[in-house]
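Have a look at the structure below before the remarks.
The values are calculated or read from the model by the stated rules, or taken from the named source; none is laboratory data. Because the structure is predicted, anything quoted here is derived from the model rather than measured. Heads up, the Cβs are rebuilt from the backbone with ideal geometry, glycines too, and the neighbour counts pull from every protein chain shown. Side chains are part of the model used for accessible areas, which takes the heavy atoms of the whole protein and leaves out ligands, DNA and RNA. Shrake-Rupley method; radii C 1.70, N 1.55, O 1.52, S 1.80 Å.
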Amino acid sequence: DGGITQSPKYLFRKEGQNVTLSCEQNLNHDAMYWYRQDPGQGLRLIYYSQIVNDFQKGDIAEGYSVSREKKESFPLTVTSAQKNPTAFYLCASRVDRSGQPQHFGDGTRLSIL
Amino acid sequence: AQSVTQPDIHITVSEGASLELRCNYSYGATPYLFWYVQSPGQGLQLLLKYFSGDTLVQGIKGFEAEFKRSQSSFNLRKPSVHWSDAAEYFCAVGINNDMRFGAGTRLTVKP
């Protein structure tokens, strides 16, 4: 079955450490997205990519970085510059046509040690 | 400013009762409209979507939603709620290639 795989499910970060969250999709979708979810705030867009080797900042990109070297993969790095990284992170993908819905992975919960 | 509003943060209904979750949007044009459901610790699952045409759309799990242009609303309904419907529900709007989510409504189902 096609889908989006996020790993790990749970991740712990020490102060001053960078961590990378994995997102892989086998849906052959061009567009991929990273969201941060905090209680009561819905989903906030961090970065998105509509094509390989290209990506754009979302609303809250500071302290995060991404790469898109392959169509299937869109890893997110949470850098030490992100001072409040504790959150639930969701990856999504979609067919890059107007009106198409996003499909989501099961998320990664990041916590600070 | 463009926005998506879900006025109810938390709703409690009894099992077997009907349900309506509200969603209002503020965009210049009629956007594409979606409802998603999220169980704790999981990703979002698409319930239904509206692009054009019939303003009453049917989705999975017995849900439906009605688009009302005059009210800029896209409310989600279910005639009879099951205990397994307890989750968080998100309304989303799409304009071109952008998608914006409401803050969510948490549904609790009483036995």
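Legend: P(r) of segment A:35-90 from all alpha carbon pair distances, 10 Å bins from 0, whole percents, reading 24, 54, 21, 1. Rolling a 1.4 Å probe over the protein chains gives B:Tyr27 an accessible area of about 30 Å².
Here the extension length gained between A:Lys71 and A:Tyr10 equals 19.5 nm, from 0.36 nm per residue of separation less the Cα-Cα distance. Shielding by partners for peptide B:35-42, expressed as the average number of C-beta atoms from other protein chains within 10 Å of each residue's C-beta, is 3.
Distances between placed amide hydrogens fall under 5 Å for B:Gly104 paired with B:Gln6, B:Cys91, all partners being 5 or more residues away or on another chain. In straight-distance terms, cross-link reach from B:Lys49 covers every one of the aspartates and glutamates whose alpha-carbon lies under 13 Å from its own, apart from those fewer than eight places away in the same chain; here that gives B:Glu64, B:Glu66. Shown here is the pair-distance distribution of the protein assembly as shown: with all Cα-Cα distances grouped in 5 Å bins from zero up to the longest one, the shares run 1, 7, 15, 18, 19, 16, 12, 8, 4, 1, 0 percent. Judged by the mean number of other Cβ atoms found within 10 Å, the most tightly packed of the peptides A:95-106, A:29-40 leads the ranking A:29-40, A:95-106. Residue by residue along A:30-37, Cβ atoms of other protein chains within 10 Å of the local Cβ number 2 on average. Counting only other chain Cβ atoms within 10 Å of each residue's Cβ, the peptide A:44-56 averages 1. Overall size of chain A from C-alpha positions, given as principal axis extents largest first: 39, 26, 26 Å. Summing charges over neighbours of A:Gly40, with a neighbour being any other residue whose Cβ is under 14 Å away from its Cβ, gives 0 when K and R count +1 and D and E count -1.
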